[in-house]
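Here is the structure we will look at.
Just so it is clear, none of the values below were taken in a lab; they were calculated from the coordinates. All values reported here derive from a predicted model rather than from experimental measurement. Ideal geometry is used to build each Cβ from the backbone, glycine not excepted, and the neighbour counts take in all protein chains shown.
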Amino acid sequence: MTMKSYSARFEMMGTFIDLVVHHQNGEQLIKDAYLQLNDYATRFTVNQAGSELMRVNRNAGIAPIVVAPDLFELIKLGKHYSEQVSSPFNIAIGPLVKTWRIGFQEATVPSQEVINEKLALVDPTQIILNEQQHSVFLSQKGMEIDLGAIAKGYFADQVMQRLIEAGVDNGFISLGGNVLTIGHSPNNPNQAWNVGIQNPLSKRGDVIRIVPLQGMSMVTSGINERYFESNGQRYHHLLDEKTGMPISTDIASLTIISKHSVDGEIWSTAGFLPSALESIYYLNTIEDIEAVVISDRGEVMTTNGLVDISINSTVLFAV
């Protein structure tokens with residue numbers, strides 16, 4: 001018997017979300033997933049004054065705030081990777097993000113004086129966690145946690161886990177640049193979800209590489225997705241915690257293939273090093289991930305274990 005297929009597309013968290021579920025009860029499961037994502041988006045965001053995360057930020061330098069176990073675990077994970085000095089991943093980057101406002105209409109280039117002031121507040125070691133209380137304390141006034149570089153991957157993993165627990169063997173989750181697959185695609189000859197990587201130097205829809213996914217995640221970060229221009233110069237949204245400026249790099253986009261989407265989120269930011277070559281060398285040392293790095297000259301570099309397929313194959317989705 002052919003399992004019924006249900007799909008939905010909706011807008012949330014500033015992006016389009018696509019869900020495909022092969023299950024007799026798929027319609028209800030998609031509704032449940034929507035409510036689950038909406039709950040996360042409401043509690044984990046820095047763009048809503050009353051969110052759980054903003055309570056932590058508003059109490060920086062004042063008092064520890066007890067948070068729900070899931071938010072605590074995500075902050076704990078983010079803090080761990082933020083303290084790796086060799087990578088640009090940093091959840092304490094909030095003060096800089098808020099100052100630049102890249103992706104919003106009021107985006108602006110801050111003065112060096114303001115940047116220096118904010119740089120003093122982006123130290124992840126000053127995020128104090130209490131395991132017993134599940135509390136988070138930002139030790140300096142003005143500090144802010146921003147989970148934008150990790151949250152969507154976590155959300156996708158949690159949605160997938162709940163769908164699997166409900167008996168879904170085959171499904172597809174896309175949160176903007178985050179794709180996560182369950183099982184295989186019943187409608188595809190190669191039994192995989194064929195996911196394309198956008199050419200970051202071309203128009204949307206121009207696919208430069210296709211990766212077959214079965215129960216795997218693919219996350220892409222790029223400098224051409226969110227940016228603004230000022231005085232003839234382009235400023236992208238990936239900020240350098242050392243300089244306070246957008247990261248200086250010849251990488252145009254970085255894609256991570258991994259089992260868990262949260263790992264893809266972490267390494268698609270942590271791997272944004274000064275050069276594409278440096279990034280590939282580094283990512284080849286990380287276990288359980290593969291990567292595709294595209295330079296600003298259009299060069300495509302991959303880690304050693306990557307499996308991909310013909311560019312002529314049918315693309316189900318592109319990131």
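Annotation: amide H of Val66 within the under-5 Å range of Val136, sequence separation 5 or more or interchain, hydrogens built in the peptide plane. Charge tally around Leu175: other residues with Cβ under 12 Å, Lys/Arg +1 each, Asp/Glu -1 each, net -2.
If we count every other residue with Cβ under 13 angstrom of Glu83's Cβ, Lys/Arg +1 and Asp/Glu -1, where does the sum land? It would help to have the intermediate numbers written out before the result.
Values: positive: Lys76, Lys79; negative: Asp123, Glu241.
Around Glu83, the surrounding residues sum to 0.
Return the tail of the calculated pair distribution for the chain, meaning the percent of Cα-Cα pairs more than 39 Å apart. Summing the P(r) tail past 39 Å for the chain gives 11 percent.
Under 23 Å of direct C-alpha separation, and excluding same-chain neighbours fewer than eight residues apart, Lys141 reaches these lysines: Lys76, Lys79, Lys98, Lys118, Lys242. Rounded to the nearest 0.05, what FRET efficiency is calculated for Glu165 and Ser230 with R0 set to 45 Å and r the Cβ-Cβ distance? With a Förster radius of 45 Å, E is 0.40.
Measuring max minus min along each principal axis, the C-alpha atoms of segment 59-138 give extents of 41, 28, 22 Å (largest first). From least to most packed, judged by other beta carbons within 10 angstrom and beginning with the fewest, Lys152, Lys242 follow the order Lys242, Lys152. Averaging Cα coordinates gives a centre for segment 18-58 and one for segment 104-174; these two points are 15 Å apart. Quick check on segment 106-169: take the gyration tensor over C-alpha atoms, sort the square-rooted eigenvalues as a ≥ b ≥ c, and tell me if it's rounded (a/c under 1.5), prolate or oblate. Because a/c hits 1.5 or more and a/b fails to exceed b/c, segment 106-169 counts as oblate. Charged side chains reduced to their Cβ positions (Lys and Arg at +1, Asp and Glu at -1) give the chain a dipole of some 560 debye around its Cα centre. Charging the Cβ of each Asp and Glu at -1 and of each Lys and Arg at +1, and nothing else, the dipole of segment 59-138 about its Cα centre rounds to 100 debye.
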